[in-house]
Protein chains: 2
Amino acid sequence: MVAGTARLFAIIGDPVGHVRTPIVFNAYFAEHGIDAVCVPIHIRPEDLEAGIAGLKAIANLDGFIVTAPHKARVMQMMDQLGLDGELVGAVNTVRREQDGSYTGTMLDGHGFVTGLARAGYEVRGKRVYMAGAGGASSALAFALAGSGIKALTIFNRTRERGEELLARVKAAFPAVEVAFGTRDPRGHDLAVNATPLGLEPQDGFSFDVEKAEPPMLVAEVLMKPETTALLHAAAAKGCRIHQGKHMLDGQRDLMMAYFGLARPAAAA
Amino acid sequence: MVAGTARLFAIIGDPVGHVRTPIVFNAYFAEHGIDAVCVPIHIRPEDLEAGIAGLKAIANLDGFIVTAPHKARVMQMMDQLGLDGELVGAVNTVRREQDGSYTGTMLDGHGFVTGLARAGYEVRGKRVYMAGAGGASSALAFALAGSGIKALTIFNRTRERGEELLARVKAAFPAVEVAFGTRDPRGHDLAVNATPLGLEPQDGFSFDVEKAEPPMLVAEVLMKPETTALLHAAAAKGCRIHQGKHMLDGQRDLMMAYFGLARPAAAA
């Protein structure tokens, strides 16, 4: 039960009703006996400046998570940026420092890599195909490159945007081979949908998943449905699949560590 | 468990760790299956403008409670005032209206009167003695006068402040007999401590409680300790006593009604 002594955490977005973060965080707080609560905070774009200034005015709010559509603008309101926030140009995790300043970083991509690692998949040395060049793709691209992949191919409807992202990745991680791809994911070890295609039943696929073959791993960033049509199609081709929810699960511990709330795992 | 769909309520103050409101509200939400959570929000005086602007930017925050030292300043930030907020010059309960504007009102005094009524004590027609002329006293004075007491005597260390409050009460409720009193509460049906004296063990009494005699009822606004030294002394004189916690309990249902969350009492 939330009492007057609770430390606050939040997730801000527009909309916010669908987010899983409060449940994931509050279960963690309960499990580890941490007197804290994470609440959903709905802030519309036109209210973002006032909203962030207000969150900074709350002395017992120790940090917050940022989701769509605020990740890039909140970055502009930080005092410092973690390396990934700077590379990606957006933040999803903000903490208050002891001196009262605010640091933002981007953990989406590392959450994805951690989620893969927990599923037994090591990205180091792999050839990665990714559909999409938006916010999620940027976060994944830099985290994958920073985790030692051999090559990154991006396919995106707007070619210019994909090539721009590839150029930024290459500048930060020159060892990674980069290329703009086609709809065909063949020739890669891992293929990722990092577009919003698949949220709606009538959406097509972001790439030609029917050309995928084992041992390719096909992964998603979308969390709803838990198994998207793309993943169903990949499984039908005999490929191993990796759901979007693992990205959030992978991030939970990264976020807790970032907030200074990492605790040993409870005994099974 | 707080999920993404939760509506938010808050209590703001400085400090805020001691407040009981989150526990009282959250128990109510749980009991009635309301998908909402009340969190403590610590805002320092120098951050109040930014903090309130921020709370107004949160689209799923439907209202908040205000405690010391912010009640008077928050009143200035409202679009509309309930009658009691206007009379008292301070608000403790704020709600967002359907048009997005904010209304503040003051329920401390009505909570006190409701708490007395629940304990079987009807204030109508009574002669009331009150020590103190600060924020709590103002709220109580207007609520008591509005509830039909016959007479109000105020005693306060700074006489000017007491007389000023009496004049405001008389202007709003001309039928009430008002007088500035002494430390001696005799000649009244109800004597109330509405000063902070009693929070610390070494505090003296705000009035000569040793002169109290049955059937006088002696009441407190202080919630800690639950039975203050003043109430112990009154009980030793044979007087009936009334603890400060009843004021908050009395307010809970008033606040829920104000937020549009009134629900039938659960079956016993």
Whether any residue in the range A:16-30 is within 13 Å of chain B (Cβ to nearest Cβ), of a type in the set (D, E, K, R) and closer than 17 Å to B:P40 by Cα is what I want to check.
no
Residues of the range A:236-247 being farther than 24 Å from A:T67 by Cα and not in a helix (DSSP H, G or I), in sequence order, are A:K237, A:G238, A:C239, A:R240, A:I241
Of (1) closer than 27 Å to A:R240 by Cβ; (2) out of contact with any His (no Cβ under 6 Å at 6 or more places or on another chain), A:T105 satisfies every one except (1)
Can you find a residue that is surrounded by fewer than 18 Cβ atoms within 10 Å (Cβ to Cβ), over 27 Å from B:S137 (Cα atoms) and either within 11 Å of chain A (Cβ to nearest Cβ) or touching a residue at least 60 places away in the same chain (Cβ under 8 Å) (or both) anywhere in the range B:71-79?
no
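With respect to A:A262, is the statement that it is among the small types (G, A, S), within 19 Å of A:N26 (Cβ to Cβ) and either assigned to a helix (DSSP H, G or I) or outside the structural domain of A:E213 (by TED's automatic domain parsing) (or both) true? Write out each step before concluding.
Numbers: among the small types (G, A, S): yes; within 19 Å of A:N26 (Cβ to Cβ): yes; either assigned to a helix (DSSP H, G or I) or outside the structural domain of A:E213 (by TED's automatic domain parsing) (or both): yes.
It is true that A:A262 is among the small types (G, A, S), within 19 Å of A:N26 (Cβ to Cβ) and either assigned to a helix (DSSP H, G or I) or outside the structural domain of A:E213 (by TED's automatic domain parsing) (or both).
Considering each of B:I41, B:I11, B:I65, B:I34 in turn, give the residue that is more than 9 Å from chain A (Cβ to nearest Cβ), assigned to a strand (DSSP E or B) and in contact (Cβ under 8 Å) with a residue 24 or more places away in the chain.
Values: B:I41 fails: more than 9 Å from chain A (Cβ to nearest Cβ); B:I11 fails: more than 9 Å from chain A (Cβ to nearest Cβ); B:I34 fails: assigned to a strand (DSSP E or B).
The conditions single out B:I65.
Under the condition of being within 7 Å of another protein chain (Cβ to nearest Cβ), surrounded by fewer than 21 Cβ atoms within 10 Å (Cβ to Cβ) and of a type outside the set (G, A, S), which residue from the range A:44-55 is nearest to the chain's Cα centre (by Cα)?
Initially, the range A:44-55 is screened for residues within 7 Å of another protein chain (Cβ to nearest Cβ), giving A:44, A:47, A:50-51, A:53-55.
Now narrow it down to the ones that are surrounded by fewer than 21 Cβ atoms within 10 Å (Cβ to Cβ): A:44, A:47, A:50, A:53.
Then drop every residue that is not of a type outside the set (G, A, S), which leaves A:44, A:47.
Numbers: A:R44: 21, A:D47: 24 Å.
If we take residues in the range A:44-55 being within 7 Å of another protein chain (Cβ to nearest Cβ), surrounded by fewer than 21 Cβ atoms within 10 Å (Cβ to Cβ) and of a type outside the set (G, A, S), then A:R44 is nearest to the chain's Cα centre (by Cα).
If you check B:T182 against the conditions, is it at pLDDT 95 or above, in a loop (DSSP other than H, G, I, E, B) and surrounded by 22 or more Cβ atoms within 10 Å (Cβ to Cβ)?
On the way: at pLDDT 95 or above: yes; in a loop (DSSP other than H, G, I, E, B): yes; surrounded by 22 or more Cβ atoms within 10 Å (Cβ to Cβ): no.
No.
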When restricted to A:E226, A:E210, the only residue among the charged types (D, E, K, R) and either surrounded by 21 or more Cβ atoms within 10 Å (Cβ to Cβ) or more than 26 Å from A:R161 (Cα to Cα) (or both) is A:E226
Checking B:N60 against (1) within 11 Å of chain A (Cβ to nearest Cβ); (2) farther than 22 Å from A:I23 by Cα; (3) surrounded by 18 or more Cβ atoms within 10 Å (Cβ to Cβ), the condition it does not meet
(2)
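Look through A:A175, A:A167, A:A219, A:A233 and report the one residue that is part of a helix (DSSP H, G or I) and closer than 22 Å to A:G125 by Cα.
Details: A:A175 fails: part of a helix (DSSP H, G or I); A:A219 fails: part of a helix (DSSP H, G or I); A:A233 fails: closer than 22 Å to A:G125 by Cα.
It is A:A167.
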Return the total of residues in the range B:108-136 being among the charged types (D, E, K, R), in contact with a Gly (Cβ under 8 Å, 6 or more places away or on another chain) and not in a helix (DSSP H, G or I).
2
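Is it fair to say B:A234 is more than 23 Å from B:G135 (Cβ to Cβ), surrounded by 12 or more Cβ atoms within 10 Å (Cβ to Cβ) and modelled with pLDDT under 95? Don't jump to the end; show me each part of the working.
Numbers: more than 23 Å from B:G135 (Cβ to Cβ): yes; surrounded by 12 or more Cβ atoms within 10 Å (Cβ to Cβ): yes; modelled with pLDDT under 95: no.
So B:A234 fails the test.
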When the range A:71-107 is examined, which residues are found to be among the small types (G, A, S) and part of a helix (DSSP H, G or I)?
A:A72, A:G85
Which residue out of A:L48, A:L55 is over 26 Å from A:P196 (Cβ atoms) and either touching a residue at least 40 places away in the same chain (Cβ under 8 Å) or in the same structural domain as A:T93 (by TED's automatic domain parsing) (or both)?
A:L55
Yes or no: the range B:85-104 includes at least one residue that is modelled with pLDDT under 95 and touching a strand residue (DSSP E or B) at 6+ places or on another chain (Cβ under 7 Å).
yes
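Out of all the residues in the range B:187-201, which are crowded, with 17+ Cβ neighbours inside 10 Å and among the aliphatic types (A, V, I, L, M)?
Selection gives B:L190, B:A191, B:V192, B:A194, B:L197.
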Could you tell me which numbered condition A:S206 fails, if it satisfies all but one of (1) within 12 Å of A:M130 (Cα to Cα); (2) of a type in the set (S, T, N, Q); (3) at pLDDT below 95?
(3)
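The values are calculated or read from the model by the stated rules, or taken from the named source; none is laboratory data. The model shown is predicted, which means the values in this text are computed figures rather than measured ones. Because the Cβ atoms are built from the backbone with ideal geometry, glycine has one as well, and the counts that use them run over all protein chains shown.
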